[in-house]
Amino acid sequence: MVHTASPFPDNQPKDENVLIKPAVEGTLAVMRAAHKHKVKRVVITSSVASIMMKTNTNKKDSYNEDDWSDLEACGAYEKSKTLAEKAAWDFLYSLPKEEQFELVTINPSLILGPSIVQTDFTSG
């Protein structure tokens, strides 16, 4: 199972939950479906935005799987990606060990290609 999209707007929304709520709820819906149907692996296209958004006092030269963006340093999109990815990992680790499945997240800095649908978002 692959989860690939999250809205990426041209401008910051007035209400950040316009981005955060569907990102988190969509990711959790995928995770619940994977669990229900005994999927062996879920691949989530996250974003470097879920890792590298830092305040000036805690920037680093390199990051690893223990690093998360600081929510205080995030705009709505970056916060939505961070919270959605965290929700996926939290869901997985909340399952009994014997019910857990593989979770892979990829964190690209840019995805290029034609749009399948036309929307007000740069990602669609």
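With the structure loaded, tell me whether residue 55 is part of a helix (DSSP H, G or I) and of a type in the set (S, T, N, Q) or whether it fails that test. Spelling it out, it is not the case that residue 55 is part of a helix (DSSP H, G or I) and of a type in the set (S, T, N, Q).
Among what's in segment 105-124 and is under 16 Å from the mean Cα position of the chain (by Cα) and either loosely packed, with under 10 Cβ neighbours inside 10 Å or among the hydroxyl-bearing types (Ser, Thr, Tyr) (or both), pick the residue that is modelled with the lowest pLDDT. Once the filter is applied, the top-ranked residue is 123.
Among the criteria (1) out of contact with any helix residue (DSSP H, G or I) (no Cβ under 6 Å at 6 or more places or on another chain); (2) part of a helix (DSSP H, G or I); (3) within 30 Å of residue 98 (Cα to Cα); (4) of a type in the set (A, V, I, L, M, F, W, C), the one residue 28 does not fulfil is (1). Of all residues assigned to segment 84-101, at least one qualifies as being among the basic types (Lys, Arg), surrounded by 15 or more Cβ atoms within 10 Å (Cβ to Cβ) and at pLDDT 95 or above.
The values are calculated or read from the model by the stated rules, or taken from the named source; none is laboratory data. Quick caveat, the model's predicted, so the values are computed rather than measured. Cβ: placed from backbone, ideal geometry, glycine included. Neighbour counts: every protein chain shown.
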